[in-house]
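The block underneath contains the structure these notes are about, expressed in structure tokens.
We did not get these values from a lab; they are worked out from the coordinates using the rules stated. All figures in this text were calculated on a predicted structure; none of them were measured in a lab. As a convention, Cβ positions derive from the backbone with ideal geometry for all residues, glycine included, and neighbour counts pool all protein chains shown.
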Amino acid sequence: MSQDLPEIRNDLKKLLRTQPLAVLSTQQDGQPYASLVAFACSDDLARLYFATIRSTRKFANIMKDSRVAMLIDSRSNAPADFQQATAVTATGKTAEVAPEERNGILALYLAKHPYLESFAQSPTCALCEVRVRTYFVCTRFQNVVEVHIK
Amino acid sequence: MKLIFALAEITARDRPRIGGKGYALAEMQRKGMRIPDAACISADAYREFLASTELKDRIRMELYRKPFEEMRWEEIWDVSLRIRNMFARTPMPGELRARLLRGLEPRFRKAPVSVRSSAPGEDSARSSFAGLHESFVNIHGMESVLEHVRLVWASLWSDRALLYRKELKLDPETSAMAVVVQKMVAGGRSGVVFGRSPVHNKQTIVEAVHGLNQGFVDGTIEPDRWILDRKTGRILEHSPARRGKYVAPGRRGVSLKTLPRALRERPPIDGREVGEVYRLALAAESLFGCPQDVEWTYRRKILHTLQARPITTPPSSGDGRSWYLSLHRSLENLKSLRRKIEEAHIPGMEKESLQLGRIDLSGLSDAALAREIRRRREIYDRWRQVYWDDCIPFAHGMRLFGRIYNDLMKPQDPFQFMALLGGAPMISTQRNRMLGGLAALIRKDPAGRACILAGKADQCSPTVLRECDRILDRFSDLVGEKGSPGRDRSRILNIALRMAELPEKSAQSQNPAVLRRRFLSRFGPGRKKYALELLDLARASYRLRDDDNIYLGKIESRLFAAVKEGSRRIRARSRSSGKTGRGDALKKAVLLESSLTATDRRRTGRTEGGGFSLKSRQIVGQPAGAGVAMGRARVIVHPSDLYNFQRGEILVCDAIDPGMTFIVPLAAAVVERRGGMLIHGAIIAREYGLPCVTGVPDAALRIKTGDFITVDGHLGIVTVGEAILPDS
């Protein structure tokens, strides 16, 4: 990935649009907890969305502490990943999507994950958004740049 | 899978796994040409070695830690040395070893052999240029053969091959190397014939030397040369060489010997033999369908063919890669280069700078000053060319030593050899020692300290001022462009004051005596002299790598001084008359200089916009000095930035030049955009035992003065900012 902001933003957008899954990190009383979630992103990359059942541990965690991290990467689980894969860590705060925005965001989410329609529309499922503060973009194993969102 | 092929077994189908050289030998033998007995180790053995040792992934990690486009040639050499060391240190796995021995041992027994590269793909006319991969001659014993097979494999990733990686389609996933093991023919007269001259397509060239042809392949021995009419074989021209030495098989490898007087008078081959060699080229050409470059040797009166390949030259794209290929020099060649640098270039540069220093610029008329600026530019450019032509190639002395050291010692750290090169008196460390002396005076002189702190440096004690002037006298370029005597003194004294606050520290190197002893003990009594000569040359190469820069820097600072005087006059004139005298000679000369020396303000790209901002967090470079340091960055863009340097800061710059190294003792670490293990910044940092990362892309742009940075000199990583995450 280059060091040029427009290029990095494009690469970032491509990764966030093509990768279906992300690892969501939450915590409770200092105990970290990681979960795999299906996610989508807003067009300006400032928001990431995921859906979860309200009875889950991750949902309980974010209700107590809204700070989360999300890992999105393009690994193929082969040694070549060290040169070819990109890993992005997004940090920010999360909350359930406001009711007036829910329909629009749900449409965006299901456009990427149509097979999750009945899951996401279940009354027990919460649609959440992460307001991203920083993306930490790691390429070639050790190169890291920070993309801050104002 | 069959790993070893006798020449007679090889068919066209085997070519992709046998490589161009092995296949050509098989063809020539089939057609009845006299070829030494040989066997080919197929590229599958290389693949098997990589698969069973997991070397493939390690090669990939090494090759791609930085994008090639961001690497300098020096970094590519470093990458290649690391990969070579991986091959040298990875033993042949038991089963593979047993299979290779089963194929090779009965054929060669104890006969000395040559171990030659035969890269698949080398046969295609586009990628078969010579000199990219390695070959070894006069190898004794199966253990040594297997060791050299690994080195030939490693040369698939030689620095030269990496430069042509696109043309060769080099890829750790698919590329492989085959090897030819050939019975050694200890010829008395040897050479090469180019069926078609690379410069004139109606001519054939024959080159010949006494002894083995290793000597002139690497440029140690000048060959006799015949130009022939390609059609008729008639000799058009014979250029005899100054014959003085020859290469003979030693107990191991080859050695350089003095040619007996009687042979010096005699060309290695006579007219009849030139004709025989010419016919050999024709036979090879008709066999392969295109002009060949054939290596041959005469053993007594019998002509043997050693190898043949299509004549190709590296693509000349004007990018200087062929210049890089010419940097690989032999010990003999480097020795004469050293004499030239030590006896002519360095005294010449010193004399030049002294003579320029004697001219009183302020006493010159405007027209004379304009002429002087132009003259200094010419002088500087001339010396720069000398630096490029002779001083940079001489740096190969360290590389030659490094390879020989690694082959013998197989150290874990492929750059361990540098410890044997350090500690030689270098101008920059001498200068730093003088600054250290001044610091020691200040340490004992509280009143002097107070004066410096109060900005009244001129009121320091006479002893301090005398020492300060002595440094200024000897290293006038230390203060950058010369200013008023008061400012120059104050700059030096402020640096010395900061050094005075440090515990006394001097240049150091790691236990070189032990390493040196171990290295020398590997050479038998007959070879000791050679080993010492090699080490001495490498030490000179290491030392001069810095010194030559300092001398060139002195000449450059004389040019700057004249330009500065010119700018001062133009400014003064415009202040007094409001006009700048457009079109006058002085102004033209100054403007031309400013355009030549304008700093490159290229940015890498936008870092702000569209609600985003970009910041580097972790940047990968090359690990050039072991250790870890944390501290505030001081980015040096302009020479005047040096005088703000605070003790414990981390020196960040585009490229360390000789004018900068005096602040290195104050620094906690060094970060440089220019990459390489053997560059000035890395050498000086190693001398002072500082962590150092070189080859950090756009270091001086991506790191800002005052940034808190961590320099990991073990892994070659610079981390910008604290580890604590800002609250989301």
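May I ask for the angle, rounded to the nearest 10°, between helix B:396-409 and the longest principal axis of chain B, with both axes built from Cα atoms and the value confined to 0 to 90°?
Orientation of helix B:396-409: about 60 degrees from the principal axis.
Please tell me the relative contact order of chain B in percent, rounded to the nearest whole number, where contacts are Cα pairs under 8 Å and at least six residues apart.
11 percent
Shape of region B:18-83 from its Cα gyration tensor (a ≥ b ≥ c, root eigenvalues): rounded if a/c is under 1.5, otherwise prolate when a/b > b/c, or oblate?
It is prolate, given that a/c is not under 1.5 and a/b is the larger ratio.
Which pairs break 26 Å Cα to Cα here: B:K31/B:K183; B:K169/B:K615; B:K2/B:K301; B:K166/B:K335; B:K2/B:K166; B:K257/B:K340?
Pairs exceeding the cut-off: B:K169/B:K615; B:K2/B:K301; B:K166/B:K335; B:K2/B:K166.
Could you put B:L334, B:L592 in order, starting from the residue whose Cβ has the fewest other Cβ atoms within 10 Å?
In increasing order of surrounding Cβ atoms, one gets B:L592, B:L334.
Quick one: which residues, 5 or more positions from B:R34 or on another chain, have an amide H under 5 Å from its amide H? H modelled 1.01 Å from N in the peptide plane, none for Pro or chain starts.
B:T305
Step through the residues of region B:77-83 one at a time and calculate ³J(HN,Hα) from phi using the Karplus curve (6.51 cos²θ - 1.76 cosθ + 1.60, θ = phi - 60°), rounding each to whole Hz and writing x for Gly and Pro.
4, 4, 4, 5, 5, 5, 5
Need the C-alpha centroid separation for region B:650-728 versus region A:119-135, integer Å.
43 Å
Please give the calculated 222 nm ellipticity per residue for chain B, where each DSSP H segment of at least 4 residues contributes -39500 (n - 2.57) and the sum is spread over every residue; nearest 500 deg cm²/dmol?
Value at 222 nm, helices only: -13500 deg cm²/dmol.
Could you let me know the centre-to-centre spacing of region B:144-177 and region B:41-101, using Cα atoms, in angstrom?
The distance from the Cα centre of region B:144-177 to that of region B:41-101 comes to 8 Å.
Specify the angular offset, from 0 to 90 degrees and rounded to the nearest 10, of the alpha carbon long axis of helix B:528-577 from the longest principal axis of the alpha carbons in chain B.
The helix B:528-577 is inclined about 40 degrees to chain B.
Taking B:K351 as the anchor, which aspartates and glutamates have their alpha carbon closer than 14 Å to its alpha carbon, excluding any fewer than eight residues away along the same chain?
List returned: B:E342, B:E343, B:D548, B:E556.
How far is helix B:485-500 tilted off the main Cα axis of chain B, in degrees rounded to 10, range 0 to 90?
That helix lies at roughly 70 degrees to the long axis.
Restricting to Cα pairs below 8 Å that are 6+ residues apart, what does the relative contact order work out to for chain A? Please round to a whole percent.
24 percent
In square nanometres and to one decimal, what's the mean projected area of the convex hull around the Cα atoms of chain A?
Mean projected area of the Cα convex hull: 9.4 nm².
Under 8 Å for C-alpha pairs, at least 6 residues apart: give me the relative contact order for region B:614-720, rounded to a whole percent.
Answer for region B:614-720 is 41 percent.
Find the centroid of the Cα atoms in region B:254-286 and in region A:10-32, then give the distance between the two in whole Å.
Result: 71 Å between the Cα centres.
Between rounded, prolate and oblate, where does region B:614-720 land on the alpha carbon gyration tensor, with a ≥ b ≥ c its root eigenvalues, rounded for a/c under 1.5, else prolate if a/b exceeds b/c?
Taking the square roots of the gyration eigenvalues as a ≥ b ≥ c, region B:614-720 is rounded.
Per the helix-only calculation at 222 nm, which mean residue ellipticity applies to chain A, given -39500 (n - 2.57) for every DSSP H run of n ≥ 4 and division by its residues, nearest 500 deg cm²/dmol?
-8500 deg cm²/dmol
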